[in-house]
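Taking it in order: structure first as structure tokens, then the write-up.
The values are calculated or read from the model by the stated rules, or taken from the named source; none is laboratory data. Given the structure is predicted, the values throughout are model-derived calculations rather than measurements. Heads up, the Cβs are rebuilt from the backbone with ideal geometry, glycines too, and the neighbour counts pull from every protein chain shown. Heads up: the accessible areas ignore ligands, DNA and RNA and are worked out on the full protein's heavy atoms, side chains in. Shrake-Rupley method; radii C 1.70, N 1.55, O 1.52, S 1.80 Å.
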Amino acid sequence: MKTKRMLFHEDNEQVIKEAVHLLTEGELVAFPTETVYGLGANAMDETAVEKVFAAKGRPSDNPLIIHVANIEQLKRFVAEVPHDIDRLIRTFSPGPITYILRNNYLLPSNVTANLHTIAVRIPDHPIAQRILEKCDFPIAAPSANLSGKPSPTLANHVFDDLDGKIAAIIDGGSTTVGVESTVIDCTGNIPVILRLGAITTDQIKEVTGNICVETDTTNIKAVPKSPGLKYKHYAPAVPLIVITKGIEAMQNEIDAQQKKGKTVGLLASNKSAQKLIANKTVTYGENLQEIALHLYDRLRSFHKSEVDIIICEAVTQEGVGKTIMDRLIRAAHLVI
Ligand code: TXA
Ligand code: MG
């Protein structure tokens, strides 16, 4: 299959029209959201949804998020929206958050991997919004990467992973957030964060009056409530060591690896990078927003042909830093 690149310009209604047409025909179209690029399929079309799992190499027991244009549409695909959750939705959506709600089984069961719950998100990105407004169906969209690889934040990342496997990719430039949506389970007595994301637990607690807990999302051995969490994620092409013990420990590890004959890649803040010496240095920015935005692109920038190992600087666990660390720990081969 030839994958069409559709460049999006400000008033390019034709691109939106074509995307909607392809989706209606049961084809897969990758498009930008504010978090990461999504691989979209008509969620009402069982065969189209099957194609998503095939293109990504995604295990069929890992359910997809459905994307809808607004709260009204969200309500069509869930059995109920509890009162306190309604408040959350009105506060954070459209935005980088996904609600797990009780399923009303309107959609084919492969979307939700046969679960009694369904994941719904209202993205806040003009391209995603314009497509959703024109579709008379919700769009099932996982991140548009091959299973196990870092999520795509640029159209080129999608090309690297899915060229030839999907009908089209809308190139709308860089996403704006860079890490995936927060996944929050709203089916129990209190909301539970299943996947840390762009919206922090503290932000959610401000709305719920402190009522919200996080699952230990890094304990991969525990039976995960969010099926996706049990799989290896975000892995770069070469092994990654995350260093939490500061800049001296980083240089020590670089030196130790080089002594073993390894070519070492360094991923760090601009400031730290200036003080460290490795074979290839890549910076991820300075503040947490920048790091969230650049992280996956930078992880993708190391290739086997250049380095044997990546040494990466940890970030603070505050705010979105906790999400960044969650992703780094999942991507890592070792955390020191
Ligand atoms: O930011 C995002 O959420 C992006 C953009 C494209 O919207 N999408 C995304 O989708 O990250 P994906 O498929 O890569 O991750 C969805 C996560 C997986 O961990 C999956 O297991 C979980 O949501 N999930 C989906 N449905 C669920 C359900 N019913 N119960 C619990 N977890 C669910
Ligand atoms: Mg994903």
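Say whether the condition of being open to solvent by less than 80 Å² (accessible area, probe 1.4 Å) and within 16 Å of ligand 2 (Cβ to nearest atom) is met by at least one residue in segment 23-30.
There is at least one residue in segment 23-30 that is open to solvent by less than 80 Å² (accessible area, probe 1.4 Å) and within 16 Å of ligand 2 (Cβ to nearest atom).
Which numbered condition trips up THR117, out of (1) more than 11 Å from ligand 1 (Cβ to nearest atom); (2) over 20 Å from ALA54 (Cβ atoms); (3) among the β-branched types (Val, Ile, Thr)?
Failing condition for THR117: (1).
I'd like to verify a number: residues in segment 166-184 that are away from ligand 2 (no atom under 16 Å from the Cβ), open to solvent by less than 10 Å² (accessible area, probe 1.4 Å) and closer than 21 Å to PRO94 by Cα, how many?
From segment 166-184, those away from ligand 2 (no atom under 16 Å from the Cβ) are 167-174, 176, 184; that's our starting set.
Next, from what is left, pick out any that are open to solvent by less than 10 Å² (accessible area, probe 1.4 Å): 168-170, 184.
With closer than 21 Å to PRO94 by Cα added as a condition, the list becomes 170, 184.
Total satisfying the criteria: 2.
State the number of residues belonging to segment 186-196 that are open to solvent by less than 10 Å² (accessible area, probe 1.4 Å) and within 10 Å of ligand 1 (Cβ to nearest atom).
Residues that pass the stated criteria total 1.
Restricting to segment 136-186, name every residue that is assigned to a loop (DSSP other than H, G, I, E, B), of a type in the set (S, T, N, Q) and out of contact with any Gly (no Cβ under 7 Å at 6 or more places or on another chain).
Of everything in segment 136-186, those that are assigned to a loop (DSSP other than H, G, I, E, B), of a type in the set (S, T, N, Q) and out of contact with any Gly (no Cβ under 7 Å at 6 or more places or on another chain) turn out to be ASN145, SER151, SER174, THR175, THR176.
Just one of (1) more than 30 Å from ILE193 (Cα to Cα); (2) of a type in the set (S, T, N, Q); (3) in contact with an Asp or Glu (Cβ under 7 Å, 6 or more places away or on another chain) trips up SER269, so point out which.
(1)
So which pairs qualify, if the first residue must be in segment 79-97 and under 15 Å from GLY197 (Cα atoms), the second must be open to solvent by 80 Å² or more (accessible area, probe 1.4 Å) and part of a loop (DSSP other than H, G, I, E, B), the Cβ gap must be under 7 Å, and the two must be at least 6 apart or on different chains?
Within 7 Å, the pairs are PRO94/ASP124; GLY95/ASP124.
Counting only residues that are open to solvent by less than 10 Å² (accessible area, probe 1.4 Å), hydrophobic (A, V, I, L, M, F, W, C) and in contact with a strand residue (DSSP E or B) (Cβ under 6 Å, 6 or more places away or on another chain), how many does segment 133-165 have?
6
Can you tell me how many residues in segment 42-54 are over 13 Å from LEU132 (Cβ atoms) and open to solvent by less than 10 Å² (accessible area, probe 1.4 Å)?
Matching residues across segment 42-54 total 3.
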